[in-house]
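A quick write-up on the structure given underneath.
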Amino acid sequence: MAQDKKLDTKLVSGGRRTQWRGKLVNPPVDRGSTILFDDVAELRAAAPGLGKYYYGLHGWPTQWALAEALTELEPGAAGTALTETGLAAVTAALTAVLETGDELLMVDSVYGPTRRFCDVVLKRFGISTRYYDPLATADELGAMLADKTRAIFLESPGSQTFEVQDVPGICAMAKRRGIVTLLDNTWATPLLFPAISHGVDISIQALSKYVGGHSDLLLGSITANAEWYERVQRATWDFGHAAAPDDAWLASRGLRTLSVRLKRHEENALEVARWLADQPKVARMLHPAFESCRGHDYWKRDFNGSAGLFSFALKGGDSDARDRFVDKLEMFGIGYSWGGFESLVTPADPVRTASNPDWGGPLVRLQIGLEDPDELIADLARALEAYP
Ligand SMILES: Cc1ncc(COP(=O)(O)O)c(C=O)c1O
């Protein structure tokens, strides 16, 4: 494992073992289900794992190369399990650590479908969820722990409203109290926030976003430390989660350019966000690099930069006027997901039960792509002129 190499070098070399790629630069995309054994003795002796041929569910070099490359990006990680979507990575990780009767502490700014999984599915299996304010300190969260609390789930920055959490502080407290921590690290990727080295036990990514980078795949990953990796990997197989070879191959390819793409997303997003912040019709920026973002100081302390996804609040107006503003944009596609090369916009209507900040007006979420930022700004200016 190349833990001593710098991140940009790891992105280029990760997972490219000669025995997996032959004389080609890239590991191949292979398709299959059955792995053939020479005889019954070999079949009986076989066991699944990275580099061990067993059955399609457990992958082959196409998937192993990606898993190994992702593990190398996280100092302190023991391994990475892959799943068919980012949401499956979240649900597989949660079901790996929780049992009937347990309680989960869940950040209030979590991705909507994760929230639904807790409120509907985990509840059905006798696991309760209590939500906490994303700005809760480690001490405040420590005071919330009950005998049955088993895990703390973090997402930083949070979905839609981008609150940044005190991840190292919360994880250190959790470790002392014997509580497992899981983080949805999709926004930052290990490049902007190497989660395991900040004390997180289990780090989840929707590879569909920045790692894929081209809006053409669905995939998730769960990278874990030595204490949790085997259990998480086993749980993904027990539930039948697998990464399709084409998607795994595309994600491996995306990884090679992740650093340069992310840098450009960051620069373009900052340019657009700085312009928006100066507009009289904008009430507030919800971007971790801006002081107006809740938890901005944690971002300054812990992150290596910012990504291309953020929100802002329009001044005055209501959600209908906001929706008309969104409809007026011509350069931004209206649609879910993010992290691809193209700019996107969605109305943001966060659901909150443990925190209720006043954002100052209806929210708009922007995914800033790789287009010329001046043209994106001109488009936003046109739509703002007609608002409210
Ligand atoms: C923060 C976050 N986590 C997880 C997911 C789920 O990823 P996927 O779409 O691959 O299921 C998303 C998707 O939008 C997301 O925004």
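The values are calculated or read from the model by the stated rules, or taken from the named source; none is laboratory data. Values in this document were obtained by computation on a predicted structure and should not be read as measured data. Glycine also receives a Cβ, built like all others from the backbone with ideal geometry; neighbour counts cover every protein chain displayed. Just so you know, the surface numbers come from the protein's heavy atoms only, side chains and all, with ligands and any DNA or RNA stripped out. Shrake-Rupley method; radii C 1.70, N 1.55, O 1.52, S 1.80 Å.
Looking at the chain, what % of its DSSP beta bridges pair antiparallel, to the nearest 5? Of the beta bridges lying entirely in the chain, close to 55 percent run antiparallel. Per-atom-type breakdown for segment 334-388 gives carbon and sulfur 53% of the accessible area (1.4 Å probe, protein chains only).
Straight-line reach from Lys5: which lysines have Cα under 24 Å away, leaving out those fewer than 8 places along the same chain? Of all the lysines, those that pass the test against Lys5 - Cα under 24 Å, at least 8 places apart if same chain - are Lys23, Lys263. Of the solvent-accessible surface of segment 211-319, computed with a 1.4 Å probe and all protein chains present, 49% belongs to carbon and sulfur. Here the peptides 299-306, 249-256, 145-152 are ranked by packing, the mean other Cβ count within 10 Å, and the order with the highest first is 249-256, 299-306, 145-152. Compactness of the chain was expressed as the Cα radius of gyration divided by 2.2 N^0.38 Å, which yields 1.00.
Think of a 1.4 Å ball rolled over the protein heavy atoms: the chain then has 42 Å² of accessible area per residue. As a length-normalised measure over Cα pairs under 8 Å and 6 or more apart, the relative contact order of the chain settles at 17 percent. Given the options Glu74, Glu291, Glu84, state which has the largest fluctuation in a GNM of the chain using a 10 Å cut-off (strictly under) for Cα springs. Taking springs between Cα atoms under 10 Å, the residue moving most is Glu291.
Potential lengthening of the chain between Tyr55 and Lys328 amounts to 93.2 nm, from the contour at 0.36 nm per residue minus the alpha-carbon distance. Using 0.36 nm per residue and subtracting the Cα-Cα separation, the extra length available between Asn356 and Arg17 on full extension is 117.1 nm. When a 1.4 Å probe is rolled over the protein heavy atoms, the share of accessible surface on segment 65-108 that falls to carbon and sulfur comes to 51 percent.
For segment 55-182, the Stokes-Einstein estimate of translational diffusion at 20 °C and a viscosity of 1.002 mPa s comes to 136 µm²/s, using the Kirkwood hydrodynamic radius over alpha-carbon pairs. Estimate the FRET efficiency between Val29 and Lys263 by the formula 1/(1 + (r/R0)^6), using the beta-carbon distance for r and 25 Å for R0, to the nearest 0.05. The computed FRET efficiency comes out at 0.35.
Centre-to-centre separation between the Cα atoms of segment 243-320 and those of segment 127-165: 22 Å.
Taking the convex hull of the alpha carbon positions in segment 130-170 and averaging its projected area over all directions gives 2.9 nm². Test of understanding: in a Gaussian network model of the chain with alpha carbons linked when under 10 Å, which of Ala88, Ala65, Ala46 would top the mean-square fluctuation ranking? In the Gaussian network model the winner is Ala46. When the trypsin sites (Lys or Arg not before Pro) in segment 1-70 are filtered for DSSP coil states and for at most 11 other beta-carbon atoms within 10 Å of their beta-carbon, the remaining sites are Lys6, Lys23, Arg31.
With coordinates expressed along the principal axes, the C-alpha atoms belonging to segment 210-300 extend over 53, 29, 21 Å, beginning with the largest.
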